[in-house]
Amino acid sequence: MSQRVPSPESRVPSPINTLLICGGGGSEHQVSLRTADFIQHRLAGVPDIALTRVEMDANGRLTGSGGEVYQLRQDHQLYREDDKAQPVHYVIPSIHGYPGETGDLQSQLDLFGIPYYGCGPEASKICFNKITTKLWLSALGVDNTPYQFLCRNEAEETAKAAMALQEWGQVFVKAASQGSSVGCYKVNSVEELEPALDEAFRYSPYVLVEKCLRVRELEVAAYPYDGELVITPPGEVCPPQDAFYNYEEKYDDASRAVTHVEAQGLSDAQLGWIREASRRAFIGLQLKDLSRIDFFLTGEGDIYLNEVNTFPGMTSISMFPKMMENAGHDFSHYLSSLIRKAVTA
């Protein structure tokens, strides 16, 4: 007698116990909570997904809304401090910066064998470090902005920054391993350079000195939807003229930045190259589930890929969900489909 093989649908647990981990205790803790709010709201109406939300502090401790302490263990169970437990079928690591975008949390989840939303540990680590991102993009044949790389805050290294400032006139000094413009400083003079370097090295052992360009800032959302890789038309961020697009301008509801969900005035050739560069980055870096890929377009028509965000913000003013909606795609359907697919893999 032949044995009946259960269909993938029959192997889906009901409900799918999904753990939403937010916070992280770092410099992007608060915006991580706002992203978690968005995700929680979008999954609230999905009947087969039971969401449990916990907040992680800087020591990795997980707490619930009532202050109760939880611990996720290798047996795929979420234990409360009274030893009551519930199974965890899937995890959403809604943490910007460390340890959510750095690959650390993903490595732990891989070790536990629990599927999760977002990119794997290696892709996360590569893209969170601005220097390794540039090296990978160059290997993939994707142009990125001119830069100098500093590995220590000593005279021999910082002299390279001074030479770059002299050659380029203006530079950005960026901590290599920070997100959302944390540890990023615009430098216009020699007097501003040393304090900017000191601050950037406080955030990261490696620092990037990047040529400051007058550009249009374009952003693409890349994600799978119903089995196909979607690369949206680029949106555009227009920072205020008297400031660059820093952390506050990205996430504050009072931001003066103006965003356009679809950038205007781009040629077919420019749109085609942005799409191709995005595709190369998503596939070549082995990204998974989502990314926001940012470009610079200079007045001369040069296009540079600026950075790859493996877990973009999802606040009320964030571009990723806006561009997905503009593409006619429903976030609830998109994420719930990824969850169901992952738990049956």
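The values are calculated or read from the model by the stated rules, or taken from the named source; none is laboratory data. All figures in this text were calculated on a predicted structure; none of them were measured in a lab. In this analysis, Cβ positions are derived from the backbone assuming ideal geometry, glycine residues included, and neighbour counts consider all displayed protein chains. To get the accessible areas, we keep the full protein, side chains included, count just its heavy atoms, and leave off ligands, DNA and RNA. Shrake-Rupley method; radii C 1.70, N 1.55, O 1.52, S 1.80 Å.
Observations on the structure shown:
- Within region 323-345, residues that are over 18 Å from Ile16 (Cα atoms) sit with their Cβ atoms under 7 Å from residues that are loosely packed, with under 15 Cβ neighbours inside 10 Å and of a type in the set (Asp, Glu), at 6+ positions apart or across chains, in these pairs: Asn326/Glu262.
- Any hit, region 230-248, residues being modelled with pLDDT of 95 or more, open to solvent by 80 Å² or more (accessible area, probe 1.4 Å) and within 18 Å of Asn326 (Cβ to Cβ): no
- Number of the exception - Glu55 against (1) outside any strand (DSSP E or B); (2) without any contact (Cβ under 8 Å) to a residue 60 or more places away in the chain; (3) open to solvent by 50 Å² or more (accessible area, probe 1.4 Å): (1)
- Restricting Ala44, Ala36 to residues that are under 24 Å from Met319 (Cα atoms) and open to solvent by less than 40 Å² (accessible area, probe 1.4 Å) narrows the list to Ala36.
- Region 70-85, subset farther than 14 Å from Thr52 by Cβ and at pLDDT 95 or above, residue farthest from the chain's Cα centre (by Cα): Asp75
- Filtering region 279-299 to residues that are modelled with pLDDT of 95 or more, over 24 Å from Ile339 (Cα atoms) and not in a strand (DSSP E or B) leaves only Arg280.
- Looking across Gly67, Gly26, one residue alone is over 20 Å from the mean Cα position of the chain (by Cα) and either surrounded by 18 or more Cβ atoms within 10 Å (Cβ to Cβ) or in a loop (DSSP other than H, G, I, E, B) (or both). It is Gly67.
- Selected residue (criterion: least open to solvent (accessible area, probe 1.4 Å)) from residues of region 70-93 that are touching a residue at least 40 places away in the same chain (Cβ under 8 Å) and assigned to a loop (DSSP other than H, G, I, E, B): Val88
- The set of residues from region 94-107 being surrounded by fewer than 22 Cβ atoms within 10 Å (Cβ to Cβ) and of a type in the set (Asp, Glu) comprises just one member, Asp104.
- Close pairs (6 angstrom Cβ cut-off, 6 or more residues apart or separate chains): closer than 23 Å to Glu307 by Cβ in region 145-171, open to solvent by 70 Å² or more (accessible area, probe 1.4 Å) and of a type in the set (Phe, Trp, Tyr) anywhere: Cys151/Tyr206
- Odd one out for Thr298, checked against (1) at negative phi; (2) open to solvent by 20 Å² or more (accessible area, probe 1.4 Å): (2)
- Hits in region 39-64 - residues which are under 23 Å from the mean Cα position of the chain (by Cα) and not aliphatic (A, V, I, L, M): Gln40, His41, Arg42, Thr52, Arg53, Glu55, Asp57, Asn59, Gly60, Arg61
- Residues located in region 304-326, provided they are among the acidic types (Asp, Glu) and under 18 Å from Val182 (Cβ atoms): Glu307
- Gly118 being part of a loop (DSSP other than H, G, I, E, B) and either of a type in the set (A, V, I, L, M, F, W, C) or open to solvent by 20 Å² or more (accessible area, probe 1.4 Å) (or both): no
- Qualifying residues in region 94-115 (those that are in a helix (DSSP H, G or I) and hydrophobic (A, V, I, L, M, F, W, C)) - the one farthest from Leu285 (Cα to Cα): Phe112
- Residue within region 258-273 that is buried (at least 23 other Cβ atoms within 10 Å of the Cβ) and hydroxyl-bearing (Ser, Thr, Tyr) present: no
- Pair list, Cβ < 6 Å and 6+ apart or interchain, from region 304-318 residues that are modelled with pLDDT of 95 or more to residues that are part of a strand (DSSP E or B) and open to solvent by 10 Å² or more (accessible area, probe 1.4 Å): Tyr304/Phe296; Asn309/Arg292; Pro312/Arg292
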